[in-house]
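The values are calculated or read from the model by the stated rules, or taken from the named source; none is laboratory data. None of these values were measured; they are calculated from a predicted model. Neighbour counts run over all protein chains shown; Cβ positions are idealised from the backbone, glycine included.
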Amino acid sequence: MAAALVPALRFLIKGSLAGAAVYVAYDQGLLGSGTQGAEAFRKARAALPPAVQEWTSYVGWEVRTGQLPHAPQIDFSPSDSWNKGVRTVMSALSVAPTRACEYTVEGWKYVKDLVK
């Protein structure tokens, strides 16, 4: 009975963590529009250096100016990435009928060659 309880407990813990991650992403606006995602990213980028400073002081490390590397500058636009993904999907869908016909012809040729 204990052996069956461990997988169920693991599933509940993993499900809870996944649910919490989705909730935090939704609460911070990451699942909204591209503008909301960009704003959430700007907030995270502004909060990162103070968070690192607080964490190092909590751990007890003495941080002198220039001792820690600067946070990398990331130029990332969620709306541009979203638009690129949408364009890629639409492009694939637009050529899908043509590719399906090409693959069907190739498949029939392959089957005919196998039967000969």
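What residue, among those in region 75-88 that are part of a helix (DSSP H, G or I) and either surrounded by fewer than 10 Cβ atoms within 10 Å (Cβ to Cβ) or small (Gly, Ala, Ser) (or both), is modelled with the highest pLDDT?
Out of the qualifying residues, it is Gly85.
So Pro49 fits all but one of (1) surrounded by 12 or more Cβ atoms within 10 Å (Cβ to Cβ); (2) at pLDDT 75 or above; what number is the exception?
(2)
Only one of (1) farther than 24 Å from Asp75 by Cα; (2) in contact with an Asp or Glu (Cβ under 9 Å, 6 or more places away or on another chain); (3) not acidic (Asp, Glu) fails for Ala20. Which number is that?
Checking Ala20 against (1) farther than 24 Å from Asp75 by Cα; (2) in contact with an Asp or Glu (Cβ under 9 Å, 6 or more places away or on another chain); (3) not acidic (Asp, Glu), the one that fails is (2).
Return yes or no: is Ala21 surrounded by 10 or more Cβ atoms within 10 Å (Cβ to Cβ), modelled with pLDDT of 75 or more and either among the hydrophobic types (A, V, I, L, M, F, W, C) or not in a helix (DSSP H, G or I) (or both)?
Considered against the rule, which asks whether it is surrounded by 10 or more Cβ atoms within 10 Å (Cβ to Cβ), modelled with pLDDT of 75 or more and either among the hydrophobic types (A, V, I, L, M, F, W, C) or not in a helix (DSSP H, G or I) (or both), Ala21 comes out as yes.
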